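Reviewing the structure listed below.
Values quoted throughout were computed directly from the atomic coordinates according to the rules given, and no laboratory measurement underlies them. Everything numeric here is computed off the predicted structure, so don't read it as measured data.
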Amino acid sequence: MLIYEYLPHELARLGVVSKAAGLDGRQVAAQVRLAQERVGSARVLPAEPHLSELFIAELRRLQWERIACLMEKERMAVYTPSCDWRAVRYEEQHLQRLVVDVAAAERSGVAAPEISRHRVYRIGARPAAGSRQDMPAPTVHLMAASPGEAAGQAWAVHGGDGGLYRRGGGYRIASVEQALPEPGELF
């Protein structure tokens, strides 16, 4: 089985580029402001290890600002990914990785590669029964192929004695939501 894995920054770039396609300068400027507000909101959240809400918000903000600058510089009436050399390069890299996976599948005798498109999931927690209910609920971000796999990884990493989700206290996983790409987005 071949796994086609994206990194969080690739997911953020792909999501922003596809969302920006066809937007005019005013609409892109509104998205830049929204992205800047999300960064500000994420800065006040508790620090997370590795992937974080702040990291994801910063990646998106940088992409929106890059697109806005490109549109201004190139005097684009609407954003067209095919006129954006970086967006073209992202798509070329995506296709090159896919070609390598298909070729490897053919060499191994598999009819087609099984592609597990990894996403970033936000795992929310709540205090477990018997714990102090006034404790702040932590959030963890993990890359996984499905919500179930994300919850399983969160438990494997943070469960057990001494972990975030330790037995007999601490927190319980309350929610698993897709953070990147946004639900419904294809990449």
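Which whole number in µm²/s is D for segment 23-81 by Stokes-Einstein, with the Kirkwood Rh taken over Cα pairs at 4 °C and 1.567 mPa s?
Value of D from the Cα-based Kirkwood radius: 107 µm²/s.
Multiply the residue gap between R172 and V102 by 0.36 nm, knock off their C-alpha separation, and tell me the result in nm, one decimal place.
Working it through step by step, the gained length comes to 21.2 nm.
Length gained on full extension, R89 to R75: 3.0 nm, using 0.36 nm per residue less the C-alpha separation. Here the extension length gained between V44 and Q27 equals 3.4 nm, from 0.36 nm per residue of separation less the Cα-Cα distance.
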